[in-house]
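The values are calculated or read from the model by the stated rules, or taken from the named source; none is laboratory data. Everything quoted here is computed from the prediction, not taken from an experiment. With ideal geometry, Cβ positions are generated from the backbone for all residues, glycine too; neighbour counts draw on all protein chains shown.
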Amino acid sequence: MKLKTLVFLSLLTFVTKVTAQKPQKLTSNQIYEQLQKLNFLGSALYIAAHPDDENTRLIAYLANNVNARTAYLSLTRGDGGQNLIGPEMRELLGVIRTQELLAARGVDGGQQMFSRANDFGYSKHPDETLEIWQKDKVLADVVWAIRKFKPDVIINRFDHRTPGRTHGHHTSSAMLSMEAFDLVNDKTKYPEQLQFTDVWQPKRLFFNTSWWFYGSQEAFDKADKSKMLTMDVGVYYPLKGLSNNELASIASSQHLCQGFGRLTTRGSQPEYVEFLKGDFPKDKKDIFSGINTTWNRVEGGGEIGDILYDIEENFNFVNPAKHLPSLLKAYTLITELKDEHWKNIKLKEITRIIEACAGLYIEATANTANFTPYENVTVAVEALNRSNASIQIQIVNYKNHKKIEKDLDLAPNQKTVFKESFAIKNTSYSDPYWLQKPWDLGMYRVDNQQLIGTPESKRPLQVEFTVVIENQPVKLIKDVVYRYSKGDVGEIYEPLEVLPKVTTKLTNKVVIFSDNKPQKVTVDVRSGIKNITGTVSLEVPKGWEVSPANIPFNIQEKADKRSVSFMVTPPGNQSEGKIKAIATIDGKKYDKELIQINYSHIPKQSVLLPSEAKVVRLDIKKNGSTIGYIQGSGDAVPESLRQIGYKVTEILPQNITATSLSQFDAIVVGIRAYNTKDELQFKQKHLLEYVKNGGNLVVQYNTSRRVDVKAPYNLELSRDRVTDENAKVTLLAKDHSVLNYPNKITNEDFNGWVQERGLYFPNKWSKEYTPILAMNDKNETSKEGSLLVAKYGKGNYIYTGLSFFRELPAGVPGAYKLFTNLLSVKKSE
């Protein structure tokens, strides 16, 4: 993200990165906006399937114009998509997209929820989706989300009536919402949830429709709109200096790994929702029409409303502290409410307002970013009263660790700092909770019911302050964070993490053995504490051998690393399996790898995954040795090719010349390169000249939207794809060298593929191309565009939509053999 964009968002304080825990310093305008939301007792839940599915215009409108408590339930974390900003895929991509969703909600004012559903990749029909997701489990999660959030209004992003016309996950999200609407108030459905929440009945359910679902604006204009509500979501917010659409664009632009950075827009814009179930609203411009959203909604709320509506009407923007006596009176009355649901929600909201009106700044920081269980931690607390109110800190409770009584009088604008040291009692780690246990293709495993649906792991160390403001005790809870600065960046906040004493990492995630000779396998050992001594060993599959049995290590400094190497010998025949790196300290085994994800637009993430790699004994031959690789949106194919002995040089598009390409035996263009690297359009002449002179060019998939891959002959991309990784493959050109040289390719080489066969296949091409393979998903016509080869001059132009970017890092033997053949085609012609 560009620095100027970061500065812009920071000044507006819209992006409230929850895990970064950067203290929020609300302006008077923002305090007033929070007060408006405090005085609205209504909730809306938006439901779809993935990060980026949500309509940020509507979410922003409901949260900021209507002032409703608004949440987005994304059934998945987007684990099955692509990554335009880095190499992270699958579960690591899901971690990034989770944080991007939280950043988006920080902008548009919504909350974020999830189910346990795993985004297993593109699905063409909800029947397949719900089978893989194990429908009853994901339905239970939707019911749980509704019971927990208790929305008055539910809005589906997709149409439940059109299975097979869009992504199966999309339609499934709407179908599940429709079914859940009728189950959430039934005590016999998922009764195990009711020990933590109550049944609930939303008032109405809508589908967020538009002309897109009708095929054209003309068709939509003619459609029956008698059951539709219309809202103008292009409203302007003077307190923000932004329109709702600008706010929505900024929110959507948080999805950077999906390439969603966009221009802001302004002006009137209608939004439509089609009524599906419940009570039809009397006012077709008010989605909450007929629902009591005032303080009178709750027993005892009338007196609270009298106080808070008066503050809103007569808000003092110059000196908000003048409202503290009334706010504190309302706070006391809210603590006495019998309605636990609204009491808990409104206590959090009014506490934030009181803290801001008092100009109270309290921050708790640790002396380092991460700790291990039972390690000593020093927490520094900075407290500052920036008003003339009487404020004292009475109790400081380091939750689950240490409770201290204080008698600190916070004089106006006089900073108070104090420290406490104690041993961390957490025995569990703070990495993403949904990745802490083995998961399957369709669902993550989360056994703790109360964790299901929460966006991220609870922070491991919190401090609860009992603060007395004008003689009224108020409780404030702060996460302990790590704060530091860099000269070229400024102040940086990171979430505090609890991590293992030691972690290990196999430097190569796939190790290919082309013969039975031993290879060196290197393990990096990282210390989580000072002065650590132990041994590291490798666990190998049956039939494989490793030497030595273990290697001792000693690391003096925290976060320092040591590398150790083993010799691994494969069996004589083809074989594959996993090797695991295990560190042992005082008899305790540690088998996790620490992956840290650090991008400027999201908080730093620490992920623990099994420390393992795939090993493959494979009879593979290759011709040529030097490969030039032009990265697109980012993939791990270059590393995979190095595994089988190729010398791979990554080429920047601006450095492409006819001379620079001539040194390579083959050139490979990475995934979505023509979508993401505009300069390739001007360098294509050099690539085609390379082919014409006898080179071999392999172009991997690009999306079909507004792209020209400038192939030497006519080639039209489509949205054709084969999502079933086990789909039957027919060898069309059995005698072509691609299937015979230097490796013989058979149908067995398409066993064990992961997630899909391929995507965005060409569906039209000129006679110069030879289609090599045919494949299709169930009940679909055969697709022959997955691999096309054309002679061009003395060389070969190859276009492939096969998902090598997934298969090679997964160590799929047949994919390695076929890709090697693609690189070697010209050697046999």
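Quick rundown of the values:
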| item | result |
| --- | --- |
| Leu608 closer than 26 Å to Glu807 by Cα and modelled with pLDDT of 95 or more | yes |
| Output for region 418-439, where each listed residue is in a loop (DSSP other than H, G, I, E, B) and either among the hydrophobic types (A, V, I, L, M, F, W, C) or in contact with a helix residue (DSSP H, G or I) (Cβ under 8 Å, 6 or more places away or on another chain) (or both) | Ile424, Pro432, Trp439 |
| The listed residue being crowded, with 19+ Cβ neighbours inside 10 Å, at pLDDT 95 or above, part of a loop (DSSP other than H, G, I, E, B) and not assigned by TED's automatic domain parsing to the domain that holds Gln755, out of Val381, Val446 | Val446 |
| Near pairs, Cβ below 6 angstrom, 6+ apart or cross-chain, from region 228-247 (on the phi < 0 side of the Ramachandran plot) to any residue that is aromatic (Phe, Trp, Tyr) | Met228/Tyr272; Thr230/Tyr272; Val233/Tyr61; Ser243/Tyr236; Asn244/Tyr61 |
| Of all residues making up region 149-164, the number that are touching a strand residue (DSSP E or B) at 6+ places or on another chain (Cβ under 8 Å) and either polar (S, T, N, Q) or buried (at least 21 other Cβ atoms within 10 Å of the Cβ) (or both) | 9 |
| Flag if Lys329 is part of a helix (DSSP H, G or I), closer than 24 Å to Pro412 by Cβ and among the basic types (Lys, Arg) | yes |
| Residue check, Pro571 under 28 Å from Lys22 (Cα atoms), part of a loop (DSSP other than H, G, I, E, B) and out of contact with any helix residue (DSSP H, G or I) (no Cβ under 6 Å at 6 or more places or on another chain) | no |
| Complete set of residues in region 54-78 that are under 14 Å from the mean Cα position of the chain (by Cα) and β-branched (Val, Ile, Thr) | Thr76 |
| Residue within region 613-625 that is in a strand (DSSP E or B), within 29 Å of the chain's Cα centre (by Cα) and among the β-branched types (Val, Ile, Thr) present | yes |
| Positions within region 475-516 being surrounded by fewer than 20 Cβ atoms within 10 Å (Cβ to Cβ), among the β-branched types (Val, Ile, Thr) and assigned by TED's automatic domain parsing to the domain that holds Asp591, in sequence order | Thr507 |
| Region 409-424, residues that are surrounded by fewer than 16 Cβ atoms within 10 Å (Cβ to Cβ) and of a type outside the set (Val, Ile, Thr) | Asp409, Ala411, Pro412, Asn413, Gln414, Lys415, Phe418, Lys419, Ser421, Phe422, Ala423 |
| Qualifying position, being within 34 Å of the chain's Cα centre (by Cα), surrounded by fewer than 20 Cβ atoms within 10 Å (Cβ to Cβ) and not in a helix (DSSP H, G or I), among Asn397, Asn388 | Asn397 |
| Residues satisfying the stated conditions in region 785-806, i.e. among the charged types (D, E, K, R) and touching a Ser or Thr at 6+ places or on another chain (Cβ under 9 Å) | Lys791 |
| Residues of region 105-144 classified as among the aliphatic types (A, V, I, L, M), in contact with a Gly (Cβ under 9 Å, 6 or more places away or on another chain) and more than 15 Å from Ala48 (Cα to Cα), total | 1 |
| Filtered residue count, region 192-247, keeping only those that are in a loop (DSSP other than H, G, I, E, B), under 27 Å from Met178 (Cβ atoms) and hydrophobic (A, V, I, L, M, F, W, C) | 5 |
| Selection status of Leu263, in a loop (DSSP other than H, G, I, E, B), under 30 Å from Ala673 (Cα atoms) and not polar (S, T, N, Q) | yes |
| Verdict on Ser177 being farther than 30 Å from His125 by Cβ and either small (Gly, Ala, Ser) or surrounded by 13 or more Cβ atoms within 10 Å (Cβ to Cβ) (or both) | no |
| Residues located in region 536-575, provided they are in contact (Cβ under 8 Å) with a residue 60 or more places away in the chain and either among the aliphatic types (A, V, I, L, M) or within 15 Å of Gln519 (Cβ to Cβ) (or both) | Val540, Pro541, Trp544 |
| Strands (runs of 3 or more DSSP E) lying entirely in region 697-788 (those with 1 or more residues that are under 30 Å from Ile651 (Cβ atoms) and not aromatic (Phe, Trp, Tyr)) | 715-722, 758-765, 769-771, 773-775 |
| Of the criteria (1) over 30 Å from Pro570 (Cβ atoms); (2) touching a residue at least 24 places away in the same chain (Cβ under 8 Å), which one Ser485 fails | (2) |
| Those residues of region 292-304 which are surrounded by fewer than 19 Cβ atoms within 10 Å (Cβ to Cβ), of a type outside the set (Ser, Thr, Tyr) and in contact (Cβ under 8 Å) with a residue 12 or more places away in the chain, in sequence order | Asn292, Arg297, Glu299, Gly300, Glu303 |
| Hey, Asn29 assigned by TED's automatic domain parsing to the domain that holds His167, at pLDDT 95 or above and surrounded by fewer than 21 Cβ atoms within 10 Å (Cβ to Cβ) or not | no |
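Yes or no, residue by residue, for (1) more than 30 Å from Ala636 (Cα to Cα); (2) in contact (Cβ under 8 Å) with a residue 40 or more places away in the chain:
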residue: Tyr72; (1), (2): yes, yes
residue: Gly86; (1), (2): no, yes
residue: Arg90; (1), (2): no, no
residue: Gln112; (1), (2): yes, yes
residue: His125; (1), (2): no, yes
